[in-house]
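Below is one structure, written out as structure tokens; comments come after it.
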Amino acid sequence: MLNQPFLLFGTSHILTLSIIFTLSVFLPFYLKKKNLKVKNNFGYILSAIMIIDQLLKPFYLHFYFDYPFIQVLPMHMCHLTTFSIAIFLIYRIRIFYDIAFFWAIAGGTMALITPDVKLTFPHPLFISFFWGHGALIIAVGFASIALKNRPTLNSVKNCILVSLVVMIFMYLINKILGPPANYWYLGARPDAVTIMDLLPSPPLHIPFLIGIGLICFVIIYLPFWIYDKKTKYVE
């Protein structure tokens, strides 16, 4: 029972996605009505839990599940997104929201839909993966709905610039550490079925990843751009 293989869009997968996306909308709307102290405390507690989880994860993945340590350092996009939204919830530094919003929707949602897991619920690796990514989506939903933040055109520009800089940095990290380090999947495709399976073999896939990322950011921002044009919203 514990070691049943993961089935993409199987019962456990669909149920888990439903819980995550429901909580990411309804919990923030519930908290939106609460006073600022309640909202701040929720943000602090959620941020602390997420940060502790990300810092501990490499150790239990290595010591209990035999993952090579250099493979599981918290440097994938979803890890950095978690740190980014946590910093925003604690310090309210705007650029960290900008980064987290686009990375969470573009990368975090994709990770949830096509997860890089081999075993299904209730295996600890399944729980760890979906808890980490689910908390990230909930945190961004909380920052957007309960705290009334939204992306602007400057947010898109900030995220594109940061993404390109971090991608270069991660490529160098992968080269320095060597296999099996594969942060941002710049050195090899993920084990899960993803859109990367349609791209050229690494590292020739990198220009395509950049293009796909830009398209995703534009699509994510498009509804806000249309709304701003209709309402003459000014940043």
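Summary table
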{"item": "Ranked Tyr97, Tyr30, criterion: other C-beta atoms within 10 Å, fewest first", "result": "Tyr30, Tyr97"}
{"item": "Rough spin-label spacing in nm, given labels placed 7 Å along Cα→Cβ, for Leu56 and Asn3", "result": "2.5"}
{"item": "Stretchable slack from Ile45 to Ser201, in nm (0.36 nm times residue separation minus alpha-carbon distance)", "result": "52.0 nm"}
{"item": "Violating pairs (Cα-Cα greater than 29 angstrom) within the set Lys37/Lys229; Lys32/Lys229; Lys32/Lys230; Lys57/Lys175; Lys157/Lys229; Lys148/Lys230", "result": "Lys37/Lys229"}
{"item": "Per-residue Cβ neighbour rank within 10 angstrom, fewest leading, Lys57, Lys230", "result": "Lys230, Lys57"}
{"item": "Length-normalised contact order of the chain in % [C-alpha pairs under 8 Å, at least 6 apart]", "result": "25"}
{"item": "Extension gain (nm, one decimal) between Leu36 and Asp66, 0.36 nm per residue minus Cα-Cα", "result": "6.5 nm"}
{"item": "Stokes-Einstein translational diffusion, the chain - Kirkwood Rh over all Cα pairs, 1.002 mPa s, 20 °C, in µm²/s", "result": "115"}
{"item": "Placed amide H near Leu119: partners under 5 Å, 5+ positions off or other chain", "result": "Phe6"}
{"item": "Helix runs (DSSP H) in the chain reaching 30 Å along axis by Cα, Kyte-Doolittle at least -1.0", "result": "11-32, 36-65, 153-177, 206-231"}
{"item": "Distance between modelled label sites at Arg92 and Val218, nm, 7 Å Cα→Cβ extension", "result": "3.5"}
{"item": "Inter-centroid distance (Cα atoms) of the stretch 1-52 relative to the stretch 113-159, Å", "result": "8"}
{"item": "Mean projection area, nm², convex hull over Cα of the stretch 151-235", "result": "6.4"}
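No value in this document is a laboratory result; all are computed from the given coordinates. Because the structure is predicted, anything quoted here is derived from the model rather than measured. Here the Cβ is made from the backbone with ideal geometry for all residues, glycine too, and neighbour counts use every protein chain on show.
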